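Just below is one structure, and these are the notes that go with it.
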Amino acid sequence: MVLLKVLRKQKIKESQARVLLLGLDNAGKSTLVAQILDEDMRSVAPTFGFQINTLTRDGINLHIWDIGGQQSLRPFWHNYFEKTDFLIWVVDACAPARLDKCIQELQTVLQQEDRLIGTGVLIWINKVDIGRENISLIEERLEKEVLGTLRENHNVGVIPCSAFTGEGVNEGLDFVCDEIKSRLFVL
Ligand code: G3D
């Protein structure tokens, strides 16, 4: 764990951070990237494979890897875990019927993957512009089923957001940058 933090610290000194953006398909990952980069959200197409975009914020170059979340692609997620500094997990606030699956996949990724130990984790509960009534339910389930264990190895933030309106997006990015920068003082 200490060695991992040393390595992570070195990379952060170079102001480069690899951020993995994961979640089930249709959660809004690519639309969030478009919102972050101030791009036209109407041109967002489903991600089959992955896309990398770089955002400079707070003196850090965040290399954001947007990975396709379709069921057929999930077995390949592990190919992207190496050298990841931060994981953003996107939950669809408008799909309570898929919450079981979403939580199960998050547990699989973070509890069984050693290469992610020590990364920061942001859970973005997206689409609150139309799914606000589900926020409490999702937060309660995350708290009960995932967060206790996650906090043993990760700094975790849970932030409701909307890729459409931008609500919670800056707050989330601030959490990402603050968490990454905090590791400069970890040793
Ligand atoms: P993905 O990259 O996680 O697979 P996308 O998801 O970014 O492709 O988004 C999936 C659908 O959700 C898209 O609608 C997109 O417009 C919509 N969406 C994404 N974010 C939000 C949001 O914050 N609010 C609302 N209301 N919708 C959102 P379509 O109709 O193109 O499938």
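A compact table of results
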{"read-out": "Sorted peptide list for 100-112, 83-95, 36-48, criterion being average Cβ within 10 angstrom, highest first", "value": "83-95, 100-112, 36-48"}
{"read-out": "Full-stretch length increase - Gln107, Glu145 - with 0.36 nm per residue and alpha-carbon distance subtracted", "value": "12.8 nm"}
{"read-out": "Accessible surface of segment 12-91, 1.4 Å probe, proportion on carbon and sulfur as whole %", "value": "49 percent"}
{"read-out": "Rounded to 5, the percent of DSSP beta bridges in segment 46-178 classed as antiparallel", "value": "40 percent"}
{"read-out": "Cβ-based net charge around Thr47, under 10 Å, with every Lys or Arg adding one and every Asp or Glu removing one", "value": "-1"}
{"read-out": "Label point 7 Å beyond Cα of Phe76 along Cβ direction - residues of segment 31-60 with amide nitrogen under 13 Å", "value": "47-51"}
{"read-out": "If the convex hull is drawn through the Cα atoms of segment 45-187, its volume per residue in Å³", "value": "119 Å³"}
{"read-out": "Calculated from backbone phi, Karplus (6.51, -1.76, 1.60) coupling profile of segment 23-34 in Hz, x at Gly/Pro", "value": "x, 5, 4, 6, 6, x, 4, 5, 5, 4, 4, 4"}
{"read-out": "Between segment 143-187 and segment 63-86, the Cα center-to-center distance that results, in Å", "value": "18 Å"}
{"read-out": "Accessible surface, per residue, of the chain when the full set of protein chains is kept, probe 1.4 Å, Å²", "value": "49 Å²"}
{"read-out": "Efficiency of FRET between Ser15 and Asp38 - r from beta-carbon atoms, R0 22 angstrom, step 0.05", "value": "0.55"}
{"read-out": "Percent carbon-and-sulfur accessible area, segment 107-155, ignoring ligands, DNA and RNA, probe 1.4 Å", "value": "42 percent"}
{"read-out": "Gained length - Glu171 relative to Glu152, 0.36 nm times residue gap less alpha-carbon distance", "value": "4.5 nm"}
{"read-out": "Dipole-positive endmost among Ser182, Phe48, Gln104 within the chain (Cβ charges, Cα centre)", "value": "Ser182"}
{"read-out": "Within the chain: Cβ-based charge dipole about Cα centre, in debye rounded to nearest 20 (Lys, Arg +1; Asp, Glu -1)", "value": "620 debye"}
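The values are calculated or read from the model by the stated rules, or taken from the named source; none is laboratory data. The model shown is predicted, which means the values in this text are computed figures rather than measured ones. With ideal geometry, Cβ positions are generated from the backbone for all residues, glycine too; neighbour counts draw on all protein chains shown. Surface accessibility is based on the protein's heavy atoms, side chains included, excluding ligands, DNA and RNA. Shrake-Rupley method; radii C 1.70, N 1.55, O 1.52, S 1.80 Å.
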